[in-house]
Amino acid sequence: MAHLTNPGPFHPSIPRPLHNPASAPAPAAAQPQVHDHGAAPANHNHDHLTSTTQLRTATPGASQALMKSPSATHALIRGDRTAGMLTMSDDHVMMNQILATHAPDGRDVDVRPLLYLVEDILNRATEHVNFIIKGTQAQIEMEEKAQQANYIAMLEALTFTIDRIACELSYKALRGSDPHTTTTAIFSFLSSYAWDAKLVLSLSAFALNYGEFWLLAQIYSTNQLAKSMAILKQLPSLLEHTAPLKPRFNALNTLIRTMMDVTRCVVEFKDLPSMYISPDAPALASAMTLIPTAVYWTIRSMVACATQISSLTSMGHEYGVLATESWELSTLAHKLQNIHEHLRKQLNLCYQHIEEKKDVDTFHMLLKLFDPNVAHIDNMKHLKALIYAGDDKLPLLDGATRRKVGLEVLRRRNVLLLISSLEFSGDELAILEQIYSDTRMHEAGMQSHYEVVWIPVVEHSGVPLSEETRTRFEALRSSMPWYSVEDPLLIEKPVLRFIKEIWHFRTKPILVVLDPRGKVLSQNAIHMMWIWGSAAFPFTSYEEEKLWSKETWQLNQLIDGIDPLILDWIKDGKYIFLYGGDDIEWISKFVASARTVASAFGIPLEMVYVGKSNKREQVKKVAAIIKERKLSHCWEDPAMVWLFWTRLESMMFSKIQLGRADDLDPIVQGIKKLLSYGREGGWAVLSEGSNILVNGHSTTVLPTLVDYVKWRGNVAEKGFNLSFIEYHDQLHNVAHPCCRFEFLATTKAPESIRCPECHRVMEKHTAFVCCHDEQAIPDSLFAS
């Protein structure tokens with residue numbers, strides 16, 4: 001290995017690095033000058049002595065030249081540097097020389113703690129505007145790490161190497177040596193280290209010299225020892241002429257900051273996890289070919305900076321006003337900035353590659369974790385994987401106490417994951433809150449059956465949320481009485497992918513049910529919640545089948561607890577017309593005709609308008625007219641209309657999920673007809689008490705009422721109910737209104753569905769629909 005130049009008679013001989021004791025010469029021997037790495041000296045001892053004699057002869061001459069003619073030395077230094085820049089313009093030849101010195105021995109040096117110390121020195125010395133205030137978590141962790149015994153031992157082992165490079169930088173700067181020669185000597189000395197270690201060790205040596213310079217400048221006026229040392233270095237004289245030196249120090253600071261940027265970049269490449277990115281990855285391969293050049297020009301820049309500082313302290317402030325010197329620093333800074341930009345671009349591509357690999361691994365981990373065939377002790381692994389795996393944050397907000405809590409509150413509990421975007425309908429939320437509150441009230445004094453956790457789906461790509469998005473999230477979260485994720489950014493991209501691909505989340509909220517061991521009982525129990533509320537617990541398919549076995553096609557099943565007044569009518573055995581649509585002219589005729597028929601046959605009749613499944617604003621206008629004209633009872637609360645149609649859609653979804661969508665039982669057929677009729681025109685359901693008599697379209701129900709004189713003669717024999725049904729069915733068999741079901745493109749539609757009228761498989765069409773209703777109720781039939 002080539003050796004560093006002996007510092008001369010005014011500097012003690014510096015011992016060789018501790019990492020290569022076998023090749024170290026006797027302590028009394030002087031070190032030879034740097035020679036070509038590949039050439040072996042013919043007579044080592046002779047060359048050794050000759051170089052020492054030459055050096056010791058030359059050094060006094062240099063000192064005399066400095067004392068006699070400072071301007072001549074200025075010219076010498078400028079000439080040497082310019083010649084170095086010009087003669088080494090061929091980067092290919094230059095880098096071949098540098099690569100020839102590179103012979104790493106496989107040692108692994110963790111340079112992070114050392115780099116932290118160096119950054120601390122240089123940031124304070126340059127008054128770096130982006131300097132991280134001491135005390136941040138990252139720095140505290142680094143300081144604690146630097147205090148560990150193994151890192152202290154590492155620093156002790158590297159101290160001699162750092163000191164040796166520092167002395168070389170100082171001495172060569174004073175002599176005005178060719179910067180490329182000095183840079184190559186440093187590379188030869190550090191030949192056994194990896195590129196990142198070469199760079200950080202060299203930067204550490206430079207920081208020692210530069211930090212000492214500014215430390216004296218900062219305290220010499222208040223510390224007598226520092227003052228005496230500062231006088232020797234001519235610092236008071238320099239600081240008295242700060243104005244003309246300002247461009248010089250600005251150029252120095254810019255170059256030093258760029259040196260640190262490049263160094264951090266190189267170290268980051270070294271720290272890339274090999275399990276996620278291989279050396280042949282395009283971005284990493286491209287960067288690795290540039291790193292030797294980056295390291296060379298960064299160390300070359302250190303040599304230039306060291307020369308500037310040494311020249312200022314040895315030749316005075318007059319040297320600092322030379323424009324050519326600032327130009328050299330600016331040229332180096334520009335070159336390093338270009339290198340840094342390219343490295344940073346490649347590093348970002350590497351991080352993107354790593355992120356994608358990690359996301360894939362996380363997604364596969366979720367698949368294995370939620371495998372129904374794998375048993376677990378509790379649900380903590382599942383919840384941590386979905387929400388937040390770290391222990392440094394409390395990831396949940398308790399809706400009852402408004403305090404942050406950890407995932408431990410959910411350990412071995414039945415957990416309902418309420419998953420939604422920020423487009424959460426106020427009606428949906430209000431009704432869910434009512435169901436949740438009713439459940440908690442009934443369970444007062446007992447442990448609740450389940451806990452609800454809201455998981456917001458927000459596409460964020462790791463960047464901070466916009467102020468608008470953050471405000472919407474916080475407003476929505478503040479209205480929830482259950483647990484919610486404290487920050488949408490905690491939900492990582494692979495989790496969002498899992499939610500969408502495996503649990504089929506699209507746009508509407510879903511409710512995923514986990515048992516106390518984390519097993520998925522239902523990928524979406526939201527439809528069960530709308531139909532039966534908490535009575536559907538634990539929301540399994542078995543429980544769903546059991547609940548359906550108890551249901552019949554009755555009016556109280558359609559209404560449930562939406563409107564207590566209708567339940568009273570049912571108890572009284574009244575005839576009830578449930579009707580809807582948005583054509584006020586048809587509604588007026590229908591109501592008048594119904595009252596005429598009721599009066600003609602003396603039956604107690606009540607009517608209620610329940611709107612339709614879309615066109616929310618139009619329904620509100622129709623309801624207002626009905627109320628104004630006192631046509632019938634109507635639901636003025638949009639939440640009641642929304643719940644009615646949502647429960648119907650949920651019933652349909654439940655039947656599809658259980659594989660019962662094409663059954664010919666009255667419940668399936670009735671639900672299909674109502675959902676189809678609710679899309680187009682008017683419709684009406686007639687019941688006596690809870691017993692549904694007719695479920696008809698506007699084209700058949702109104703004519704049946706208008707033509708009552710045609711079937712009234714059958715009432716005496718067959719009764720009102722049968723007479724009405726038979727005449728309506730005759731019209732229906734002739735009219736056969738078209739049936740249609742609409743599914744949003746973002747929902748999971750069934751492959752096929754049979755018509756509730758003729759039972760044929762319905763044709764599938766693509767439709768573009770606009771209801772001119774900005775606040776329309778979500779009109780898809782399916783929640784996943």
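The values are calculated or read from the model by the stated rules, or taken from the named source; none is laboratory data. Since the model is a prediction, treat every value here as computed from it, not as a measurement. Cβ placement follows ideal geometry from the backbone for every residue including glycine, while neighbour counts extend to all protein chains displayed. What goes into the accessible areas is simple: the full protein's heavy atoms, side chains included, and nothing from ligands, DNA or RNA. Shrake-Rupley method; radii C 1.70, N 1.55, O 1.52, S 1.80 Å.
For segment 360-414, a residue qualifies if it is closer than 18 Å to GLU451 by Cα, of a type in the set (A, V, I, L, M, F, W, C) and out of contact with any helix residue (DSSP H, G or I) (no Cβ under 7 Å at 6 or more places or on another chain), and the qualifying residues are LEU394, ALA400, VAL405, VAL409. Consider segment 579-595 and keep the residues that are under 49 Å from the mean Cα position of the chain (by Cα) and open to solvent by 20 Å² or more (accessible area, probe 1.4 Å). The one that is modelled with the highest pLDDT is ASP583. What about GLN434, is it open to solvent by 60 Å² or more (accessible area, probe 1.4 Å), in contact with a strand residue (DSSP E or B) (Cβ under 8 Å, 6 or more places away or on another chain) and not assigned by the TED database to the domain that holds TRP642? The answer is no for GLN434. Which ones in segment 676-693 are open to solvent by 10 Å² or more (accessible area, probe 1.4 Å) and at pLDDT 80 or above? Matches in segment 676-693: GLU688, SER690, ASN691, ILE692, LEU693. Selection within segment 656-670: residues that are open to solvent by less than 20 Å² (accessible area, probe 1.4 Å) and either modelled with pLDDT under 80 or more than 23 Å from PRO703 (Cα to Cα) (or both). The member of this set that is farthest from the chain's Cα centre (by Cα) is ILE667.
Note on segment 365-389: residues that are assigned to a helix (DSSP H, G or I) and open to solvent by 90 Å² or more (accessible area, probe 1.4 Å) amount to 2. Under the condition of being within 29 Å of LEU664 (Cβ to Cβ) and buried (at least 22 other Cβ atoms within 10 Å of the Cβ), which residue from segment 504-522 is modelled with the highest pLDDT? Here the answer is SER522. A single entry from LYS710, LYS718, LYS673 fulfils the requirement of being in contact with a Cys (Cβ under 9 Å, 6 or more places away or on another chain), at pLDDT 70 or above and assigned by the TED database to the domain that holds GLY581: LYS673.
Kindly indicate which of VAL694, VAL619, VAL685, VAL641 is touching a His at 6+ places or on another chain (Cβ under 7 Å), among the hydrophobic types (A, V, I, L, M, F, W, C) and within 24 Å of TRP569 (Cβ to Cβ). When all the criteria are applied, what remains is VAL694.
The combined condition, being out of contact with any Lys or Arg (no Cβ under 9 Å at 6 or more places or on another chain) and not in a helix (DSSP H, G or I), is fulfilled by ASP392. Here is a list of conditions, (1) touching a strand residue (DSSP E or B) at 6+ places or on another chain (Cβ under 9 Å); (2) buried (at least 16 other Cβ atoms within 10 Å of the Cβ); (3) touching a residue at least 24 places away in the same chain (Cβ under 8 Å), and ALA598 meets all of them except one; can you say which number that is? Going through (1) touching a strand residue (DSSP E or B) at 6+ places or on another chain (Cβ under 9 Å); (2) buried (at least 16 other Cβ atoms within 10 Å of the Cβ); (3) touching a residue at least 24 places away in the same chain (Cβ under 8 Å) one by one, ALA598 breaks only (3). Set side by side, the residues ALA535, ALA525 differ, and just one is open to solvent by less than 20 Å² (accessible area, probe 1.4 Å) and either farther than 24 Å from PRO604 by Cα or at pLDDT 90 or above (or both), which is ALA525. Exactly one residue out of GLU356, GLU341, GLU328 is acidic (Asp, Glu) and modelled with pLDDT under 90, and it is GLU328. One residue alone among ALA624, ALA639 is over 41 Å from the mean Cα position of the chain (by Cα) and either surrounded by 19 or more Cβ atoms within 10 Å (Cβ to Cβ) or at negative phi (or both), and that residue is ALA624. Residues in segment 525-551 that are under 17 Å from MET652 (Cβ atoms) and either of a type in the set (A, V, I, L, M) or under 25 Å from the mean Cα position of the chain (by Cα) (or both): ALA525, ILE526, MET528, MET529, ILE531, ALA536, LEU547.
Within segment 172-214, restricting attention to residues that are in a loop (DSSP other than H, G, I, E, B) and open to solvent by 10 Å² or more (accessible area, probe 1.4 Å), the residue that is farthest from PHE269 (Cα to Cα) is SER177. Per the listing ILE566, ILE576, ILE570, ILE603, the residue uniquely surrounded by fewer than 18 Cβ atoms within 10 Å (Cβ to Cβ) and under 19 Å from ASN695 (Cβ atoms) is ILE603. For beta carbons closer than 8 Å, sequence separation of 6+ or different chains, a first residue in segment 474-486 that is crowded, with 17+ Cβ neighbours inside 10 Å and a second that is of a type in the set (Val, Ile, Thr) and part of a helix (DSSP H, G or I), the qualifying pairs are TYR483/VAL409.
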